[in-house]
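Some notes on the structure that comes next.
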Amino acid sequence: MKLPFQIDLSGKVAVVTGAGGVLCSEMAKALAACGAKVALVGRTLENVQRVADEITADGGVARAYQGNVLDRAGMEAVAEQVKNELGLTDILINGAGGNNPKATTDKEYYEPGDIDAETKSFFDLDTESVKMVFDLNFTGTLIPTQVFAAQMVERGGNIINVSSMNAFTPLTKIPAYSGAKAAISNFTQWLAVHFSRVGIRVNAIAPGFFSTKQNAKLLWNEDGTPTARTAKILAATPMGRFGTADELTGALLYLVSNEAAGFVTGVVIPVDGGFNAYSGV
Ligand SMILES: NC(=O)c1ccc[n+]([C@@H]2O[C@H](COP(=O)([O-])OP(=O)(O)OC[C@H]3O[C@@H](n4cnc5c(N)ncnc54)[C@H](O)[C@@H]3O)[C@@H](O)[C@H]2O)c1
């Protein structure tokens, strides 16, 4: 794999949750290419196994583990296995996350009558689905952090959370996902302070817009043409395009490198083609 620059992670163990997904599989590959032994954790074993096989074929060290980030006992079992098979965890990437269509409104703006119309308005947001989104993104970062950081408190370590543009300013239609990612940015700062005396740095990456499975329905029509939302996103991204997964690698390697970022903790780095800097005018 081609890296923007090389850092030395040999002897380190990196755990990546959501590693079967588009963005975090790329992160896992980058860490492995820098010499880390990578534990890929995901809900669906086939997905993480496929990525582990790719890393192994490329000469890296990787193991796939089935695990739900919301299942504490399951995460503890995975942590024990990782410890036995690869060693104690040095790096944790909290990548698992996502949205739920039932926690999303159909329209950007409420209009008179929507409350009674067929359209899914704010008033139709499904409470259970909203809770699910907060759980997956926030609790799904909290539990793996409790489980894996327990192995770091005596030896130091590195935690990277995955936030989003919607954490800085909410995006239309996705109130739960925006709130949950705002909680991730906030939690990143909290954890950074909390662990600052024991050598654990905690930072986050806030990806801008990347076309992935998770947001495919919002970005592309069934016939493959761009949705109106895609046009809006590209107009609001000064660089005028979606990012590609490999464009997160530079920020990731910088943050996990103790040589490059040894005094950096509690930051949320946007990788967004200028989206967060642009007022729209
Ligand atoms: N795609 C984007 O534009 C974008 C932008 C900002 C932030 N993000 C965030 O980046 C991260 C990766 O997203 P992605 O776009 O690669 O999405 P993705 O859907 O491709 O990957 C997410 C992965 O998380 C796994 N997962 C979901 N629930 C899980 C659970 N309970 N336990 C374990 N694994 C679980 C999924 O199986 C999937 O493999 C997410 O946190 C997402 O919120 C994505």
Quick check on the range 62-73: of everything there that is open to solvent by less than 70 Å² (accessible area, probe 1.4 Å) and assigned to a strand (DSSP E or B), which residue is nearest to the ligand (Cβ to nearest atom)? Tyr65
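Using the structure shown, decide if Ser164 is modelled with pLDDT of 95 or more and more than 16 Å from the ligand (Cβ to nearest atom).
Working: modelled with pLDDT of 95 or more: yes; more than 16 Å from the ligand (Cβ to nearest atom): no.
So Ser164 fails the test.
Any residue at all in the range 58-76 that's within 19 Å of Val256 (Cα to Cα) and in contact with a helix residue (DSSP H, G or I) (Cβ under 6 Å, 6 or more places away or on another chain)?
Within the range 58-76, the first condition is being within 19 Å of Val256 (Cα to Cα), and the residues that meet it are 60-62.
Imposing the further condition that a residue be in contact with a helix residue (DSSP H, G or I) (Cβ under 6 Å, 6 or more places away or on another chain) reduces the set to 60, 62.
Scanning the range 58-76, I find at least one residue that is within 19 Å of Val256 (Cα to Cα) and in contact with a helix residue (DSSP H, G or I) (Cβ under 6 Å, 6 or more places away or on another chain), so the answer is yes.
Here are Thr249, Thr244, Thr227: which of them is closer than 19 Å to Val22 by Cβ, open to solvent by 10 Å² or more (accessible area, probe 1.4 Å) and within 20 Å of the chain's Cα centre (by Cα)? Walk me through how you get there before you give the answer.
On the way: Thr249 fails: open to solvent by 10 Å² or more (accessible area, probe 1.4 Å); Thr227 fails: within 20 Å of the chain's Cα centre (by Cα).
None of the other options fit; the residue is Thr244.
Which fully enclosed helices (runs of 4 or more DSSP H) of the range 220-281 have 2 or more residues being within 15 Å of the ligand (Cβ to nearest atom) and touching a strand residue (DSSP E or B) at 6+ places or on another chain (Cβ under 7 Å)? Talk me through it step by step, then tell me what you get.
On the way: elements: 228-236, 249-256, 258-261.
Of the helices (runs of 4 or more DSSP H) lying wholly inside the range 220-281, those with at least 2 residues that are within 15 Å of the ligand (Cβ to nearest atom) and touching a strand residue (DSSP E or B) at 6+ places or on another chain (Cβ under 7 Å) span 249-256.
Condition test on Ala235, is it at pLDDT below 95 and more than 22 Å from the chain's Cα centre (by Cα)? Spell out how you get there, then give the answer.
Details: at pLDDT below 95: no; more than 22 Å from the chain's Cα centre (by Cα): yes.
For Ala235, the condition - at pLDDT below 95 and more than 22 Å from the chain's Cα centre (by Cα) - is not met.
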If a residue has to be open to solvent by 70 Å² or more (accessible area, probe 1.4 Å) and touching a residue at least 24 places away in the same chain (Cβ under 8 Å) to count, how many in the range 110-127 make the cut? 1
Sort out which residues of the range 182-217 are in contact (Cβ under 8 Å) with a residue 60 or more places away in the chain, open to solvent by 10 Å² or more (accessible area, probe 1.4 Å) and either in a helix (DSSP H, G or I) or on the phi > 0 side of the Ramachandran plot (or both), and write them in order of number. Ser185, Gln189, Val193, Ser196, Lys217
Please go through the range 33-53 and pick out each residue that is open to solvent by 10 Å² or more (accessible area, probe 1.4 Å), within 17 Å of Thr249 (Cα to Cα) and either of a type in the set (A, V, I, L, M, F, W, C) or within 16 Å of the ligand (Cβ to nearest atom) (or both). Ala33
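Quickly run through the range 138-161 and pick out the residues that are within 12 Å of the ligand (Cβ to nearest atom) and not in a strand (DSSP E or B). Don't jump to the end; show me each part of the working.
Looking only at the range 138-161, we keep the residues that are within 12 Å of the ligand (Cβ to nearest atom), and these are 138-141, 143-144, 160-161.
Those that are within 12 Å of the ligand (Cβ to nearest atom) and not in a strand (DSSP E or B): Phe138, Thr139, Gly140, Thr141, Ile143, Pro144.
Mind counting the residues in the range 20-32 that are within 8 Å of the ligand (Cβ to nearest atom) and either in contact with a helix residue (DSSP H, G or I) (Cβ under 6 Å, 6 or more places away or on another chain) or free of Cβ contacts under 8 Å to residues at least 40 places away in the same chain (or both)? I'd like the intermediate steps shown before the answer.
To start, the set of residues in the range 20-32 that are within 8 Å of the ligand (Cβ to nearest atom) comprises 20-25.
Right, trim to either in contact with a helix residue (DSSP H, G or I) (Cβ under 6 Å, 6 or more places away or on another chain) or free of Cβ contacts under 8 Å to residues at least 40 places away in the same chain (or both) and you get 20, 22-23, 25.
Matching residues across the range 20-32 total 4.
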In the range 11-19, is there at least one residue being more than 15 Å from the ligand (Cβ to nearest atom), under 17 Å from Ile160 (Cβ atoms), open to solvent by 20 Å² or more (accessible area, probe 1.4 Å) and over 19 Å from the mean Cα position of the chain (by Cα)? yes
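With respect to Gly98, determine if the residue is in contact (Cβ under 8 Å) with a residue 40 or more places away in the chain, surrounded by fewer than 23 Cβ atoms within 10 Å (Cβ to Cβ) and within 16 Å of the ligand (Cβ to nearest atom). Before you say what the answer is, go through the steps one by one.
On the way: in contact (Cβ under 8 Å) with a residue 40 or more places away in the chain: yes; surrounded by fewer than 23 Cβ atoms within 10 Å (Cβ to Cβ): yes; within 16 Å of the ligand (Cβ to nearest atom): yes.
In short, yes.
The values are calculated or read from the model by the stated rules, or taken from the named source; none is laboratory data. Please read all numbers here as calculations on a predicted model, not as lab measurements. Quick reminder, even Gly has a Cβ in these numbers, built from the backbone with ideal geometry, and neighbours come from all protein chains shown. Please note that ligands, DNA and RNA were not included when accessible areas were found on the heavy atoms of the full protein model with its side chains. Shrake-Rupley method; radii C 1.70, N 1.55, O 1.52, S 1.80 Å.
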